[in-house]
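The block underneath contains the structure these notes are about, expressed in structure tokens.
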2 protein chains.
Amino acid sequence: MTDSAVSRGRGGDKRRRLTAAAARVLHEQGVERTTIADIAKAADVPVGNVYYYFKTKDDLVQAALAEHTHHLAELTGDLDRLPDPRDRLRSLVAAWVGQREVAARYGCPTGTLAVELDKRADGTLDREAGRAIRQLLDWAGAQFRELGLSDPDDLALTLVAGYQGMSLLANALRDPDIMIREGARLTRWLDSLAPAGR
Amino acid sequence: MTDSAVSRGRGGDKRRRLTAAAARVLHEQGVERTTIADIAKAADVPVGNVYYYFKTKDDLVQAALAEHTHHLAELTGDLDRLPDPRDRLRSLVAAWVGQREVAARYGCPTGTLAVELDKRADGTLDREAGRAIRQLLDWAGAQFRELGLSDPDDLALTLVAGYQGMSLLANALRDPDIMIREGARLTRWLDSLAPAGR
DNA sequence: GTCTATAAGTTGATAGAC
DNA sequence: GTCTATCAACTTATAGAC
């Protein structure tokens with residue numbers, strides 16, 4: 001193993017480690033309660049060194065947001081392999097329910113981040129989380145459209161709103177079973193949808 | 001007018017002014033981004049004087065939370081005057097839609113507060129917002145029960161989750177129309193519910 | 001009871017050694 | 001490229017004058 005390989009293997013991935021740590025810690029603690037030191041510690045990187053990779057704290061928040069959207073893109077990419085759009089949507093709901101323990105403790109990563117960033121009055125990152133949610137809406141809308149259902153965008157809105165609502169309640173009440181109950185309802189709802197008229 | 005009346009009229013309601021200001025400002029800016037000075041300024045009370053009425057910042061947060069639950073209790077109290085439980089629920093949805101501009105900018109007061117407080121690892125106020133939400137769940141459950149529907153608590157969960165979901169999406173996408181679209185869907189859903197078969 | 005001044009502690013960010 | 005030491009700003013909370 002060469003020196004450069006060691007350097008890459010040990011220290012060269014610090015940016016990646018910081019991004020992953022930011023995604024996790026910001027989800028768990030929220031943006032405002034998380035300090036740069038918290039993220040640096042979680043990533044095992046010296047505090048002052050963070051600023052070599054990210055000029056500001058907001059840059060770290062943005063990187064965490066990008067990490068979550070990347071994660072979502074991977075998930076929908078996998079689901080796209082399923083031939084039936086309805087199965088893709090059902091599997092999406094199943095994936096949400098599978099994350100119920102995390103959701104009950106910390107909520108939906110994107111949803112809770114959006115709530116927090118939306119409180120900002122300055123025009124910095126207050127709209128960024130909305131784009132991540134729109135990505136999910138667009139994908140779900142495409143599935144409903146492929147199923148030949150009318151008002152596919154309305155259906156996507158209902159599906160995603162259902163997910164955000166059950167995540168928030170599961171979190172606020174600290175009860176993962178809420179994800180199971182509401183997830184089952186969403187699945188029944190998906191099964192009941194049929195193309196309009198005759 | 002006596003001196004004491006003046007004193008009550010001008011300065012004696014400072015605690016009330018602080019509570020009202022806290023409820024509004026904490027909803028708009030979030031807990032962590034709001035300083036005591038922000039609340040004091042909004043209430044027109046000198047900064048250092050706040051600590052005479054509230055020992056800590058968390059006491060102010062708790063007072064704001066109580067203000068929101070009080071507001072909710074007033075609303076459901078008014079709705080209780082309607083003879084038909086289904087009308088009560090329909091009016092509740094209408095009230096939510098009526099608040100769509102505020103929801104699109106700042107989200108549901110209780111829901112967004114819950115999201116933020118749930119991020120706390122210390123056992124201070126992290127469960128307090130959940131109690132406020134459970135109050136709404138209980139009231140809605142009672143209405144569904146009075147309608148003779150089966151699984152009234154599940155229905156209440158679906159209703160409140162629908163509200164929280166549409167508020168979060170309207171907020172994240174800055175689009176009050178989402179409240180109208182999803183509100184109409186919830187109303188149709190309420191209309192469609194019928195007691196389980198004979 | 002009301003308010004001013006300030007203490008005590010924390011955080012984001014930078015300068016500069018290595 | 002990496003890290004230590006430190007600054008400057010901000011925030012909660014208190015002490016004490018009025």
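Restricting segment B:28-39 to residues that are surrounded by fewer than 23 Cβ atoms within 10 Å (Cβ to Cβ) and more than 9 Å from DNA strand D (Cβ to nearest atom), the residue that is nearest to residue A:120 (Cα to Cα) is B:29. Among all residues of segment A:40-48, there is none that is within 11 Å of DNA strand C (Cβ to nearest atom) and touching a residue at least 24 places away in the same chain (Cβ under 8 Å). Set side by side, the residues A:67, A:74 differ, and just one is more than 8 Å from DNA strand C (Cβ to nearest atom) and surrounded by fewer than 18 Cβ atoms within 10 Å (Cβ to Cβ), which is A:74.
If you go through segment A:40-56 and pick out every residue that is surrounded by fewer than 17 Cβ atoms within 10 Å (Cβ to Cβ) and assigned to a helix (DSSP H, G or I), you end up with 6.
When every residue of segment A:102-114 is checked against the conditions, none turns out to be aliphatic (A, V, I, L, M) and either over 19 Å from residue B:161 (Cα atoms) or surrounded by fewer than 16 Cβ atoms within 10 Å (Cβ to Cβ) (or both). Within segment A:178-190, the set of residues being facing another protein chain (nearest Cβ under 9 Å) and farther than 14 Å from residue B:163 by Cα comprises A:178, A:181, A:185. Taking segment A:69-98 as the range and being under 20 Å from residue A:170 (Cα atoms) and under 11 Å from the mean Cα position of the chain (by Cα) as the test, only A:96 passes.
Among the candidates A:103, A:121, the residue that is at pLDDT below 95 and among the hydrophobic types (A, V, I, L, M, F, W, C) is uniquely A:121.
The values are calculated or read from the model by the stated rules, or taken from the named source; none is laboratory data. From a predicted model like this one, the values you see are computed outputs, not experimental measurements. Every residue, glycine as well, gets a Cβ built from its backbone with ideal geometry; the counts of neighbours run over all protein chains shown.
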